[in-house]
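Structure first, then comments.
The values are calculated or read from the model by the stated rules, or taken from the named source; none is laboratory data. As the structure is a prediction and not an experimental result, all values here were calculated from the model. Because the Cβ atoms are built from the backbone with ideal geometry, glycine has one as well, and the counts that use them run over all protein chains shown.
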Amino acid sequence: MKDLIDGYQKFLLRADRSRYADLCGGQKPHTLVIGCSDSRIIPEEIFTAGPGELFVLRNVGNLCCTDDPSVASAIEYAVGHLGVSRAVILSHGDCGAVKAACHPEHLFERGIRSWLEKECYSGASLEEAIKSWGIRQLERLEVFPVVKEAVEKGKLETSLLYFDLGTLRLDRYDGADWIVVL
């Protein structure tokens, strides 16, 4: 616990107190990011976003399981209530969830097995499988009613990004191909 308290004290020294005070009046994030729970992947850090800029939904494997109430409610809140202008699926290199889908016999924990049971590993390499996984999540997101309606009205843009953990490379899926952003 000491390391968390020490971290909080460091946060207090650099925190923009007026920014936080302004946020007490409400939030107006510009982007919904559906990312992985992986502790190495921090959307706010990757995109240099401050408090109130991103509405982040994190779960194991950045799944867009809209039949799960926690996922559906986060998407509905961000798109329908907060009116974000972008919804991004953020996939990443070395994803443990995708690796687990390749070897489901190693999933002994009931919760994780249940969470990943509908997913599949498809690709000749781990990176290909992760990118394929991301495309499936984007497809699920785009047919979710609140998202589909916002896209059709021109109020929402959807995207899929892949962050390579080892090189820090960012790729964007354009609907057919992967393009290196940087």
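Residue-wise test of (1) touching a helix residue (DSSP H, G or I) at 6+ places or on another chain (Cβ under 9 Å); (2) assigned to a loop (DSSP other than H, G, I, E, B); (3) modelled with pLDDT of 95 or more.
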| site | (1), (2), (3) |
| --- | --- |
| GLY7 | no, no, no |
| SER18 | no, no, no |
| ASP22 | no, no, no |
| GLY26 | no, yes, no |
| PRO29 | yes, yes, yes |
| ILE34 | yes, no, yes |
| ILE41 | no, yes, yes |
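Which condition number in (1) modelled with pLDDT of 95 or more; (2) under 25 Å from SER39 (Cβ atoms) is the one that GLU149 fails?
Looking at each condition in turn, GLU149 falls short on (2).
Kindly indicate whether any position in the stretch 62-82 is among the polar types (S, T, N, Q), under 16 Å from the mean Cα position of the chain (by Cα) and part of a strand (DSSP E or B).
Checked the stretch 62-82: no residue is among the polar types (S, T, N, Q), under 16 Å from the mean Cα position of the chain (by Cα) and part of a strand (DSSP E or B).
Is one or more of the residues making up the stretch 131-138 polar (S, T, N, Q), in contact (Cβ under 8 Å) with a residue 40 or more places away in the chain, closer than 20 Å to ALA97 by Cα and out of contact with any Ser or Thr (no Cβ under 7 Å at 6 or more places or on another chain)?
Checked the stretch 131-138: at least one residue is polar (S, T, N, Q), in contact (Cβ under 8 Å) with a residue 40 or more places away in the chain, closer than 20 Å to ALA97 by Cα and out of contact with any Ser or Thr (no Cβ under 7 Å at 6 or more places or on another chain).
Closer than 15 Å to TRP115 by Cα and outside any strand (DSSP E or B): does that describe VAL98?
When the stated conditions are applied, VAL98 passes them.
Of these, ILE34, ILE42, ILE75, which one is among the hydrophobic types (A, V, I, L, M, F, W, C) and without any contact (Cβ under 8 Å) to a residue 40 or more places away in the chain?
ILE42
Looking at VAL98, VAL84, can you tell me which residue is modelled with pLDDT of 95 or more and either of a type outside the set (Lys, Arg) or more than 21 Å from PRO29 (Cα to Cα) (or both)?
When all the criteria are applied, what remains is VAL84.
Check CYS64, CYS102 and return the single one that is hydrophobic (A, V, I, L, M, F, W, C) and within 20 Å of LEU160 (Cα to Cα).
Result: CYS64 is the single residue among CYS64, CYS102 that is hydrophobic (A, V, I, L, M, F, W, C) and within 20 Å of LEU160 (Cα to Cα).
Okay, residues lined up against (1) in contact with a Cys (Cβ under 9 Å, 6 or more places away or on another chain); (2) touching a residue at least 40 places away in the same chain (Cβ under 8 Å); (3) assigned to a loop (DSSP other than H, G, I, E, B); (4) closer than 29 Å to GLY83 by Cα:
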| residue | (1), (2), (3), (4) |
| --- | --- |
| GLY111 | no, no, no, no |
| TRP115 | yes, yes, no, yes |
| GLY123 | no, no, yes, no |
| ALA150 | no, yes, no, yes |
| SER159 | no, yes, no, yes |
| GLY175 | no, no, yes, yes |
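Residue check: is GLU119 out of contact with any Asp or Glu (no Cβ under 7 Å at 6 or more places or on another chain), in a loop (DSSP other than H, G, I, E, B), free of Cβ contacts under 8 Å to residues at least 60 places away in the same chain and surrounded by 13 or more Cβ atoms within 10 Å (Cβ to Cβ)?
yes
For the structure I just gave you, tell me whether ILE130 is aliphatic (A, V, I, L, M), surrounded by fewer than 16 Cβ atoms within 10 Å (Cβ to Cβ), at pLDDT 95 or above and outside any loop (DSSP other than H, G, I, E, B).
Considered against the rule, which asks whether it is aliphatic (A, V, I, L, M), surrounded by fewer than 16 Cβ atoms within 10 Å (Cβ to Cβ), at pLDDT 95 or above and outside any loop (DSSP other than H, G, I, E, B), ILE130 comes out as no.
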